[in-house]
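What follows is one structure encoded as structure tokens, with my remarks underneath.
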Amino acid sequence: MLIILSGLPGTGKTTIARELARTLSAMHLRIDTIEHALLTSTLSIENAADAGYRVAFGLATDNLKLGHTVIADSVNPIALTRNAWHFAATRAGVKSIDVEIICSDKEQHRKRIETRDNDLTGFKMPDWNAVITRDYEPWTTERVLIDTATMTMPTIISMLVLQTAE
């Protein structure tokens with residue numbers, strides 16, 4: 001199964017992805033890690049966003065074909081990328097589930113952005129202004145909605161584990 005975690009930076013996607021990957025013994029594909037590697041490579045890739053997503057789609061497809069559960073961790077802001085994740089699952093012959101992560105408490109969300117640790121040395125994390133002005137298309141398809149301002153991590157993980165069992 002492909003579990004597609006989407007949402008603005010600072011909503012908790014990576015924290016959830018890591019815990020869910022541990023719980024399910026799944027592969028965690030983080031776009032930030034891929035894009036950072038591309039940007040710091042000797043190849044001088046300027047459009048790391050496009051390349052990062054393309055690398056992730058390929059890695060997801062390969063690992064899904066091997067029977068692994070894959071957790072995709074990306075902002076996934078537009079229908080084009082959302083559809084491409086589904087195409088990866090379809091190519092591998094597996095189900096996919098969309099999960100949008102939000103933080104409905106704007107002050108809490110801002111505090112997370114302003115105080116979070118950067119575990120990718122040299123990676124430029126977005127500031128609050130970049131987050132609130134980012135293009136992020138409204139969803140028009142079915143998805144599981146997780147609000148990290150109102151839900152605990154154990155509740156979130158239990159809910160997602162149940163979703164994967166359906």
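Restricting attention to the range 58-85, the residues being closer than 14 Å to residue 141 by Cα and touching a residue at least 40 places away in the same chain (Cβ under 8 Å) number 6. Residue check: residue 33 meets all listed conditions (1) modelled with pLDDT of 95 or more; (2) surrounded by fewer than 20 Cβ atoms within 10 Å (Cβ to Cβ); (3) within 19 Å of residue 126 (Cα to Cα); (4) of a type in the set (Ser, Thr, Tyr) but one, namely (1).
When residue 44 is tested against (1) modelled with pLDDT of 95 or more; (2) more than 25 Å from residue 129 (Cβ to Cβ); (3) hydroxyl-bearing (Ser, Thr, Tyr), only condition (1) is not met. The residues listed here are 114, 100, 107; of these, the one that is in a strand (DSSP E or B) and within 20 Å of residue 15 (Cβ to Cβ) is 100. Please verify whether residue 43 is without any contact (Cβ under 8 Å) to a residue 12 or more places away in the chain and part of a loop (DSSP other than H, G, I, E, B), treating the condition exactly as stated. Yes, satisfied.
The values are calculated or read from the model by the stated rules, or taken from the named source; none is laboratory data. Just so it is clear, the structure is predicted and the values come from calculations on it, not from any experiment. In this analysis, Cβ positions are derived from the backbone assuming ideal geometry, glycine residues included, and neighbour counts consider all displayed protein chains.
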